[in-house]
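Take a look at the structure set out below.
The values are calculated or read from the model by the stated rules, or taken from the named source; none is laboratory data. None of these values were measured; they are calculated from a predicted model. Note: ideal-geometry Cβ built from the backbone for every residue, glycine included; neighbour counts use all protein chains shown. Ligands, DNA and RNA are excluded from the accessible area calculation, which covers all protein heavy atoms including side chains. Shrake-Rupley method; radii C 1.70, N 1.55, O 1.52, S 1.80 Å.
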Amino acid sequence: MSDLNQYINEITNIVGFDGVLTNDKKQYETDWRNRYSNHCIAVTLPSTIEQISTILKLSSIYKVGVIPQGGNTSLCGASVPNNSGKPQIILNLRHLNKIINIDINNQSLTVEAGCTLDKVIDYAKQNGLYFPLSIASSGSCQIGGNIATNAGGIHVIKYGMMRDLVLGLEVCLADGSIINQLQSLKKNNTFFDLKQLFIGSEGTLGIITKASLKLYPQPDRYFTAMCGVNDLSTACLLLNSLNKYYNLCAFEIINPQTREIYNKHFRPMGVTAPWVILFEIETYSEFSLEELVNKLGELTIDLDNIILASNENERQNLWHIRETIPIAEKMEGVAVKHDISLPISNIDEFIKTNESNILKHYPDAQIIIFGHLGDGNLHYNIRFKNMDYNQLQNSEAEINNIVYTDVYKYNGSFSAEHGVGMLKKYWMSKYYDSRSYQLALSIKKLLDPNDILNPEKVF
Ligand SMILES: Cc1cc2nc3c(=O)[nH]c(=O)nc-3n(C[C@H](O)[C@H](O)[C@H](O)COP(=O)(O)OP(=O)(O)OC[C@H]3O[C@@H](n4cnc5c(N)ncnc54)[C@H](O)[C@@H]3O)c2cc1C
C-alpha cells in the first residue's frame, strides 16, 4: 500500500467513511469564479476539533498539504487546491457548525467556525441582538472563513472589519496543538494579543475552530436612500457632511458605466444622475425624516431624483439593486477585477489619473466602479466589449500593473477586503514592505515548519 493510501486510510479511521470524499470532489476543488480547478487527493469533513487536530498531525507526518475551506466563496482562489502537483487535501469545516453559547449581558456569541454567517446573524437576531457583518455571500460563507479573510462588506464604515468583531478564538496549529484564546473580553491586555495573527491569515497559520463574536443592540429602524450626484468629489463631500450629522452604517457608490450595465440587464435604477449613491442610517430613537430630507436639500442633492425607503420591503429592494450589480456585470461579459482601497481624500484624483492611463493603452476599455466609498474600498473592474476570457487574459497582467501602480502612487492597497489567495501572490511580493514580508515568512515557518497549511497561497 502506498504512503498516500495509508494516509487516507488513517484519516478515514478518524472521520469515518462519510467524512472523506475521494470521488465527486469537483465542487470543492473549483473556486467561486470558476478560475481555478485543481485536483486534491481527498476532501475531509471533520465534525470535532479532536478530529481536526489528528488530521493535521497526520498531514505533518505524511507531508500532505491541507487547505482549510469554509463556504468556498473566496474571490481570489484562496480556498481551493493549487496546481503544484503535490498531494493536498481539502479540510472543509461545514460539519463544525454548533452555536456554543450566547451571553446577552456581555453582548457576545461563541460559535464553531463552520457556522454560516447567516446562521450567526439569525441567531443573534432571535435573541434581540445584532451581528453587523454584511456581505452578499452570507448564506454560504462561514465565520471561520470570514475571520481567516478579515471580511469587510457594507457596514465597515460603522462597525469596522471582521477583526473588530472578534473577541476570542480557538485555533488548531499545524502540529495539532490547540491555542485557546476564546475569552469574550472587551478589554484584555495580557501581553500579546496572539489571536490577531490568525485574523486575515487566509488559512496559512492555523485552522480556526471556534470564535467568540461581539454583538450589538438590534437597530430599531433603518433609513435607506438612493440619490445621485454629478461627480465623485461631490460624493466624497456628501459622505463627510452626512457622517457629521448621522452615524452612517453604509455609503455605497455606483459609477455611470455600472449603472448603464445594470439598467440594460435588469431595469432602470430609478435615479438618473451620473453617480448613484446608496446610503443607510440605523436609528435607535426618534429620527426625523423631514430633517434628513432638508439636510440633503442643503447639500444640493436633487430631491426630485431620490428614492427613500419607507419600509423594510423598499429597503430590501434598494439593497437588491446593489447586490445584483456583480450579476449584471457577469451577464455583460468578463472583466479584469480589482478590489482596491485608497484614502478617501485621494480617490477622486486616483480615478482621474488611472482612467486616463487605462484609456491611453486601451481606448475601448470600460471602467466599472462600484463599492464601499464609505471606507475607501472600490471594486474597480476593466472590461471590453466583445472580448472573451482568453483574449482578456493576454492583457490582464498589463492592466493590473497600470491599476496597481496608480493605487500605490495614491497610497492605496491592491487587496482591500478579498485577500491575496493564489490570484494576487505576485502583487503581494511586489507591494508588501520587504522587511514585513520576511517577518511574515518567519512566522509562517515557525508555526508551520513543514508548509502543510494552505501551501502556495499568499507567500
Ligand atoms: C457574491 C459574493 C459577495 C462577496 N462580498 C464580499 C464583501 O462584500 N466583502 C468581503 O470581504 N468579501 C466578500 N466576498 C468574498 C468572500 O465571501 C469572503 O472572503 C468570505 O469571508 C469567505 O468566507 P468562506 O467561508 O467562503 O471562506 P473560503 O472561501 O472557504 O476560504 C477563504 C480563505 O479562508 C481560509 N479559511 C476558511 N475557513 C477557515 C478556517 N476555519 N480556519 C482557517 N482558515 C480558513 C481558506 O483557506 C481561504 O484561505 C464575496 C464573495 C461572493 C461570492
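A few notes on this one:
- Extreme residue, nearest to Glu456 (Cα to Cα), among residues of the range 1-44 that are part of a loop (DSSP other than H, G, I, E, B) and hydroxyl-bearing (Ser, Thr, Tyr): Tyr36
- Criterion: open to solvent by less than 40 Å² (accessible area, probe 1.4 Å), more than 28 Å from the chain's Cα centre (by Cα) and over 29 Å from Gly153 (Cβ atoms) - qualifying residue of Ile55, Ile11, Ile61, Ile89: Ile11
- Of note, Phe350 does not satisfy the criterion of being part of a strand (DSSP E or B) and either within 19 Å of the chain's Cα centre (by Cα) or surrounded by 15 or more Cβ atoms within 10 Å (Cβ to Cβ) (or both).
- Residues in the range 20-34 that are surrounded by fewer than 19 Cβ atoms within 10 Å (Cβ to Cβ), of a type in the set (Val, Ile, Thr) and over 27 Å from Glu396 (Cα atoms): Thr22 alone.
- Verdict on Lys125 being out of contact with any helix residue (DSSP H, G or I) (no Cβ under 8 Å at 6 or more places or on another chain), in the same structural domain as Asp31 (by TED's automatic domain parsing) and more than 12 Å from the ligand (Cβ to nearest atom): no
- Single residue of Ser356, Ser341, Ser345 found to be touching a strand residue (DSSP E or B) at 6+ places or on another chain (Cβ under 6 Å), outside the structural domain of Phe223 (by TED's automatic domain parsing) and modelled with pLDDT of 95 or more: Ser341
- Subset of the range 428-459 that is of a type in the set (A, V, I, L, M) and open to solvent by 70 Å² or more (accessible area, probe 1.4 Å) - its residue that is nearest to Gly65 (Cα to Cα): Leu446
- Residue in the range 101-116 that is assigned to a loop (DSSP other than H, G, I, E, B), surrounded by fewer than 24 Cβ atoms within 10 Å (Cβ to Cβ) and near the ligand (Cβ under 8 Å from one of its atoms) present: no
- The sole residue among Asn454, Asn450, Asn401 that is polar (S, T, N, Q) and in contact with a helix residue (DSSP H, G or I) (Cβ under 7 Å, 6 or more places away or on another chain) is Asn450.
- Only one entry of Ser2, Ser37 meets the criterion of being surrounded by fewer than 18 Cβ atoms within 10 Å (Cβ to Cβ) and touching a residue at least 24 places away in the same chain (Cβ under 8 Å), and that entry is Ser37.
- Figure legend. Inter-residue proximity from the range 179-192: first residues assigned by TED's automatic domain parsing to the domain that holds Glu112, second residues part of a loop (DSSP other than H, G, I, E, B), beta-carbon distance below 6 Å, spacing 6+ or different chains. Indicated pairs: Ser184/Asn106.
- In the range 147-165, the qualifying residues are those that are open to solvent by less than 10 Å² (accessible area, probe 1.4 Å) and in contact (Cβ under 8 Å) with a residue 60 or more places away in the chain, and the one that is farthest from Lys195 (Cα to Cα) is Gly153.
- Condition check for Phe287: closer than 29 Å to Phe131 by Cα and touching a Phe, Trp or Tyr at 6+ places or on another chain (Cβ under 6 Å): no
- Single residue of the range 312-347 satisfying the filter (in a helix (DSSP H, G or I) and among the charged types (D, E, K, R)) that is least open to solvent (accessible area, probe 1.4 Å): Glu329
- Yes/no for Pro81 being open to solvent by 20 Å² or more (accessible area, probe 1.4 Å), closer than 17 Å to Trp32 by Cα, within 14 Å of the ligand (Cβ to nearest atom) and not hydrophobic (A, V, I, L, M, F, W, C): no
- Picking from residues in the range 286-311 that are assigned to a loop (DSSP other than H, G, I, E, B) and either at positive phi or aliphatic (A, V, I, L, M) (or both), the one that is surrounded by the most Cβ atoms within 10 Å (Cβ to Cβ) is Ile301.
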